[in-house]
1. Just from its helices, what would the mean residue ellipticity at 222 nm be for the chain, if runs of 4 or more DSSP H residues each count -39500 (n - 2.57) and the sum is divided by every residue, rounded to the nearest 500 deg cm²/dmol?
2. Return the long-range amide H neighbours of Asn129 (sequence gap of 5 or more, or a different chain), with a cut-off of under 5 Å between placed amide H atoms.
3. What are the ³J(HN,Hα) values, in whole Hz, obtained from phi via the Karplus relation 6.51 cos²θ - 1.76 cosθ + 1.60 with θ = phi - 60°, for each residue of region 28-37 in sequence order, with x given for Gly and Pro?
4. Viscosity 0.692 mPa s, temperature 37 °C: what is the translational diffusion coefficient of region 1-54 from Stokes-Einstein with a Kirkwood Rh over Cα pairs, rounded to a whole number of µm²/s?
5. Accessible area of the chain with a 1.4 Å probe: how many percent of it is carbon plus sulfur?
6. How big is the charge dipole of the chain about its Cα centre, in debye rounded to the nearest 20, if each Lys and Arg gets +1 on its Cβ and each Asp and Glu gets -1 on its Cβ?
7. Count the lysine pairs in the chain whose Cα atoms lie under 24 Å apart, taking only pairs 8 or more positions apart in sequence or on different chains.
8. For the chain, what does the accessible surface come to per residue with a 1.4 Å probe? Please give it in Å².
Amino acid sequence: MKQEIEQYKNQLKETWEGDPWFGRAGRLLLGEVDEKMAFIKLNGQHSILELVWHMYTWKAFAANRLQANATEDLHYFESQDWRELDHSNTALWQEGLQKLEASQTELLAVLQQLDDAALEQNVRERDYNNRKLIAGVIQHDIYH
């Protein structure tokens, strides 16, 4: 049965590219960001560039953990979180957007291969199940 998985897939799609109840979807919002603005760090906060790479890291983590043949360990993803980005390298903006888009596509493809029973399985190297992981990715995208 894939009823719950389908609901999660729909939520991921809606928050990224649809018409969510809370406002505009992530892809639309990021598409409106002026590239120069993406590199600005106001009052010591993270730049939009850093947020994009941060979101990509944890969406990629989720896709990785939902696969039986996951190759990266937890330390890899933790070391990539809030990674040091060269804010003088303007190519990082488009690269980050592409990676975030690809991680969304990968996560949806991985979910397509699962059934609802997989939601009860624990996430490798974590103390929660796949249901919490997927719901968390959706919440994380909305938050940022």
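The values are calculated or read from the model by the stated rules, or taken from the named source; none is laboratory data. Predicted model only: the values in this text are computed from it and were never measured. Cβ atoms come from the backbone with ideal geometry, glycine included; neighbour counts cover every protein chain shown. These area figures cover heavy atoms from the full protein model, side chains too; ligands, DNA and RNA do not enter into them. Shrake-Rupley method; radii C 1.70, N 1.55, O 1.52, S 1.80 Å.
1. Working: 7 runs with 86 residues, N = 144.
The helix-only estimate for the chain comes to -18500 deg cm²/dmol at 222 nm.
2. Val123
3. Each residue's phi maps through the Karplus curve to give 5, 4, 5, x, 8, 6, 5, 3, 5, 5 Hz.
4. Working: Rh = 12.9 Å.
My calculation gives 254 µm²/s for D.
5. The C+S portion of the solvent-accessible surface of the chain is 49 percent.
6. Numbers: 15 positive and 24 negative charges, 27 e Å.
Magnitude of the dipole: close to 140 debye.
7. For the chain, the number of qualifying lysine pairs is 15.
8. Values: 8400 Å² over 144 residues.
That works out to 58 Å² for each residue.
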